[in-house]
Amino acid sequence: MQARVKVGIVGLGRWAAVLARAARESGEIEIAAGTSRTPEKRAAFQQEFGVPGVADLDAMLADPAIRGVILTVPNEQHWPLAERVASAGKHVYTEKPIANTLEDGLRIAALEARHGVTVTVGHSARLMAGIRAIRQRVDSGELGRVAFIEANFSNERALELTPKAWRWYREKAPGGPLSQLAIHQFDVLHYLGGDIAEVSQMASKLSPVGAEVDDQSMTLLRFADGKLGYVGSCWTSPGIFAVRVFGSKGLMHYEIDFGTWDTPHLLHRSSTLYIQRGKDGYGKREELTVPESDMFRSELDMFARSCRSGKAGELSADNGNVALAVVYAALRSIERKGQAVRIDEIVAETRARIGTKARAAA
């Protein structure tokens, strides 16, 4: 039996705790060091999870036993920390979105070739058992030709924001739920439907707290093969995560109890998954059993395998940037009063900007 891959973790807040619990159940990865700017957080994390605290990232990177580093820090810190980690020859895991801007997302992806490391992005939603079951039926042809996919990911976050929260600010959380929640569904639709060609978007600000960010988001997508998609995200409602796929032979619906998001090994107990075939009505739909799974353990296992093999896995930086590019195309669409924006246009513009800045710096 192979020894578990040892990794460090930077940023010891709520999400670090979620991943630490998942890592304890993994046979492939071990979180062997943790760091935060606050000594009290390091001590509390060590007491709860048995993960030794280290004074700073430099100390973590100096440890030859550490093969990779997990970043659970605010989005704008992903690029500078990823660069430091990759420069030390360590593999990178960053929570979604891959970065705060598409420029930084593309820079993070470029670290792989520059330093010979891999970058794994925490788009965990595609790893849910229900999403995998839909993909299996799509691939087998059981649903026929898929023509439309719709999804929603919403919660009440905008009702709780204060100026002390980084999500309050437009620069740090572009589009509000667009970059924080809907981006999960953009990755899911990319996984289920293939390449996304263009995007159009509407957004609104309705929360009474007065944050800078929009808190309502409606995005229409056109896939490269002509199918259409819709992703909705409301930041002022009870939590929901739901996906529905429509094909010529059948449709499938998957929905989870959002209250179990942080404990994904329990999702199967209260999830809904059904298939409705042909001209059967709703009453003849077949309820499907959702097997137990743990999307956070699965993504960490994928990271461990990338650390071992040195090869990018399914949760690659490239896939992470597809989801981020959809966000930035949607933001451009808002600027253009809902006009559709092509994904390749946004990516090409961004790459050109990065190239111009690099030449200017030289």
| request: Considering only protein heavy atoms, with the full assembly of protein chains and a 1.4 angstrom probe, order CYS307, CYS234 by accessible area, largest first. | output: CYS234, CYS307
| task | Let me know the charge dipole size of the stretch 3-93 about its Cα centre in debye, to the nearest 20, where only the beta-carbon of Lys, Arg (+1) and Asp, Glu (-1) is charged. | result | 120
| task | Using only Cα atoms, tell me the angle between helix 78-87 and the longest principal axis of the chain; keep it within 0 to 90° and round to the nearest 10. | result | 50
| field | Heavy-atom SASA rank of MET218, MET302 (probe 1.4 Å, accessible area, largest first) | value | MET218, MET302
| In the chain, carbon and sulfur make up what percent of the accessible area (probe 1.4 Å)? | 50
| query | Which of ARG222, ARG342, ARG170 moves the most in a Gaussian network model of the chain with Cα springs under 10 Å? | reply | ARG170
| Just for the chain, what percent of DSSP beta bridges are antiparallel, to the closest 5? | 60
| field | Among LEU111, ASN100, HIS123 the positive-end extreme of the charge dipole of the stretch 98-137 (Cβ point charges) | value | HIS123
| message | Compute the angle between helix 317-335 and the longest alpha-carbon principal axis of the chain, please, reported from 0 to 90 degrees and rounded to the nearest 10. | response | 60
| query | What number, rounded to the nearest 500 deg cm²/dmol, is the helix-based mean residue ellipticity at 222 nm of the chain, given -39500 (n - 2.57) per DSSP H run of at least four residues and division by all its residues? | reply | -11000 deg cm²/dmol
| Mind checking which lysines have their C-alpha under 21 Å from LYS249, skipping anything on the same chain fewer than 8 residues away? | LYS227, LYS279, LYS284
| Taking 1 over the mean of 1/r across every pair of different Cα atoms in the stretch 127-179, what Kirkwood radius in Å do you get? | 14.3
| On a 0 to 90 degree scale, rounded to 10, what angle separates helix 295-309 from the longest Cα axis of the chain? | 50
| field | Cα-based shape type of the stretch 17-102, given that a ≥ b ≥ c are square roots of the gyration tensor eigenvalues and the cut on a/c is 1.5 | value | rounded
| query | Suppose every K and R has +1 on its Cβ and every D and E has -1 on its Cβ; what is the size of the dipole of the stretch 71-196 about the Cα centre, in Debye to the nearest 20? | reply | 180
| said: Could you compute Rg(Cα) / (2.2 N^0.38 Å) for the stretch 237-335, with N its residue count? | reply: 1.40
| query | Magnitude of the Cβ-charge dipole of the stretch 186-324, K/R +1 and D/E -1, about the Cα centre, nearest 20 debye? | reply | 500
| task | Calculate how many DSSP beta bridges within the stretch 112-240 are antiparallel, expressed in % of all such bridges and rounded to the nearest 5. | result | 75
| remark: Note to self: with every protein chain in place and a 1.4 Å probe, the chain gives an accessible area per residue in Å² of 44
| Assuming a viscosity of 0.692 mPa s and a temperature of 37 °C, what translational diffusion coefficient in µm² per second does Stokes-Einstein assign to the stretch 176-320, Rh being the Kirkwood radius over Cα pairs? | 187
| message | Please list, by residue number, everything in the stretch 311-343 whose backbone N is under 17 Å from a paramagnetic label point 7 Å out along Cα→Cβ of ASP195. | response | 318-326, 341-343
| task | Two decimals is fine: what is log10 I(q)/I(0) at q = 0.19 Å⁻¹ for the stretch 66-204, from a Debye sum with one equal scatterer on every Cα and no solvent? | result | -1.18
| task | Report GLU25's accessible area, 1.4 Å probe, all protein chains in place, as a number in Å² to the nearest 10. | result | 120
| query | Hey, if you put +1 on the Cβ of every Lys and Arg and -1 on every Asp and Glu Cβ in the stretch 178-311, which of LEU192, TRP235, THR260 ends up farthest toward the positive end of that dipole? | reply | LEU192
| Nearby lysines by direct alpha-carbon distance to LYS311 (threshold 25 angstrom, same-chain neighbours under 8 apart not counted) | LYS6, LYS90, LYS96
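The values are calculated or read from the model by the stated rules, or taken from the named source; none is laboratory data. Everything numeric here is computed off the predicted structure, so don't read it as measured data. Note that we place each Cβ from the backbone using ideal geometry, even for glycine, and neighbour counts take in every protein chain shown. Protein only, heavy atoms only, side chains kept; ligands, DNA and RNA dropped before computing areas. Shrake-Rupley method; radii C 1.70, N 1.55, O 1.52, S 1.80 Å.
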